[in-house]
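The values are calculated or read from the model by the stated rules, or taken from the named source; none is laboratory data. Model, not experiment: these values are computed from the prediction. Every residue, glycine among them, receives a Cβ derived from its backbone with ideal geometry; neighbour counts consider all protein chains shown.
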Amino acid sequence: MGTSTPLIELRDVTKTYGTGRLAFQALKGVNLRIEQGDFVAIMGPSGSGKSTAMNTLGCLDRPTTGEYLFKGAHVENLSRDERALLRRKYLGFVFQGFHLLPRTSAQENVELPLLYRGEPAAQRHAAARKALAAVGLDGWEHHGPSELSGGQQQRVAIARAIVTEPLVLLADEPTGNLDTQRSNEIMELLWRLNVDRGITVLMVTHEPDMAAYSRRIVRFKDGRMDSDEPNPAPLMPGCQGGAAQPEVR
Ligand code: ADP
């Protein structure tokens with residue numbers, strides 16, 4: 001942390017859905033700085049504004065008022081197309097429901113973002129195989145989602161999110177559909193991507209056991225940030241149940 005430009009900065013961001021009598025303010029002035037390499041768990045009750053904040057951070061939606069700076073550039077002034085370019089270049093997304101294309105192999109699912117980028121087939125194949133190996137799915141390239149377990153499907157989704165080498169991974173309840181063991185495996189994977197590759201991870205979760213892997217916990221309440229605290233002893237891979245301090249880079 002320092003006075004240098006943070007990777008991400010929200011300045012007094014508000015978001016209002018609808019107009020007039022039906023207007024609803026989902027974010028009521030959010031200030032947030034995220035440094036490159038951070039691992040932030042976003043928590044809070046249903047309806048507190050977490051998804052709205054993630055949609056804003058993920059450049060899917062624009063704030064109603066306030067500023068969003070990404071690498072110092074003002075996102076709130078960008079057009080829809082410009083935001084799409086920024087997403088493709090810098091962001092990767094992982095969802096609770098995996099969102100894989102059915103009847104499409106793991107390999108082809110992972111290649112998709114590269115296809116959108118117009119990368120040639122040979123490069124796409126090589127990058128997808130590498131990403132699948134990185135999530136522990138060596139040898140599963142030609143299996144479709146219906147032949148994979150939930151944990152494996154989420155691994156494919158993570159491979160798809162990292163195949164473009166993003167700066168930031170935005171994960172919306174990535175373990176919400178998984179049992180405890182699979183959830184811990186997915187969290188260990190996110191932890192490694194954060195620590196080994198320096199990918200900034202922003203993750204919404206309801207589960208304190210999963211937030212325990214993060215290095216910082218931000219809590220939303222009623223459209224505002226209720227707390228923002230470092231996690232002094234994040235869980236490390238292989239240490240469920242006994243928190244340990246990871247190596248500080
Ligand atoms: P969370 O992710 O914490 O459950 P959300 O950000 O999804 O919270 O929602 C915050 C509030 O904004 C909720 O009251 C929700 O009903 C409202 N909201 C979310 N999206 C829309 C929308 N597209 N139109 C109107 N209201 C919305």
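Quick check on Gly18: is it more than 10 Å from the ligand (Cβ to nearest atom) and over 20 Å from Arg87 (Cβ atoms)?
So Gly18 fails the test.
Yes or no, residue by residue, for (1) within 20 Å of Gly44 (Cα to Cα); (2) at pLDDT below 95; (3) surrounded by fewer than 17 Cβ atoms within 10 Å (Cβ to Cβ):
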position: Gln123; (1), (2), (3): no, no, yes
position: Ala126; (1), (2), (3): no, no, yes
position: Ala161; (1), (2), (3): no, no, no
position: Asn184; (1), (2), (3): no, no, no
position: Gly198; (1), (2), (3): no, no, yes
position: Val201; (1), (2), (3): yes, no, no
position: Ala212; (1), (2), (3): yes, no, no
position: Asp228; (1), (2), (3): yes, no, yes
position: Asn231; (1), (2), (3): yes, no, no
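Looking at region 170-228 only, could you name the residues that are part of a loop (DSSP other than H, G, I, E, B) and either touching a strand residue (DSSP E or B) at 6+ places or on another chain (Cβ under 8 Å) or polar (S, T, N, Q) (or both)?
The answer is Glu173, Pro174, Thr175, Asn177, Ile199, Thr205, His206, Tyr213, Ser214, Arg215, Asp222, Gly223.
The rows are residues; the columns are (1) under 22 Å from Leu85 (Cα atoms); (2) charged (D, E, K, R); (3) without any contact (Cβ under 8 Å) to a residue 60 or more places away in the chain.
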{"residue": "His99", "(1), (2), (3)": "yes, no, yes"}
{"residue": "Pro102", "(1), (2), (3)": "no, no, yes"}
{"residue": "Gln107", "(1), (2), (3)": "no, no, yes"}
{"residue": "Tyr116", "(1), (2), (3)": "yes, no, yes"}
{"residue": "Glu119", "(1), (2), (3)": "yes, yes, yes"}
{"residue": "Arg124", "(1), (2), (3)": "yes, yes, yes"}
{"residue": "Ala133", "(1), (2), (3)": "no, no, yes"}
{"residue": "Leu137", "(1), (2), (3)": "no, no, yes"}
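Determine the pairs where a residue that is free of Cβ contacts under 8 Å to residues at least 24 places away in the same chain, located within region 225-236, has a partner that is among the polar types (S, T, N, Q) with Cβ atoms under 9 Å apart, the partner being 6 or more residues away or on another chain.
Pro232/Gln245; Ala233/Gln245
Within region 69-97, count every residue that is free of Cβ contacts under 8 Å to residues at least 60 places away in the same chain and assigned to a strand (DSSP E or B).
2
Right, Ala84: touching a Cys at 6+ places or on another chain (Cβ under 9 Å), surrounded by fewer than 17 Cβ atoms within 10 Å (Cβ to Cβ) and closer than 30 Å to Arg224 by Cβ or not?
So Ala84 fits the description; yes.
Within region 21-42, count every residue that is near the ligand (Cβ under 9 Å from one of its atoms) and either crowded, with 20+ Cβ neighbours inside 10 Å or closer than 18 Å to Pro230 by Cα (or both).
The qualifying residues number 3.
Residue check, Gly49 against (1) within 16 Å of the ligand (Cβ to nearest atom); (2) under 22 Å from Gly92 (Cβ atoms), all met but one. Which one?
(2)
Restricting to region 53-81, what's the tally of residues that are surrounded by fewer than 21 Cβ atoms within 10 Å (Cβ to Cβ), at pLDDT 95 or above and near the ligand (Cβ under 10 Å from one of its atoms)?
2
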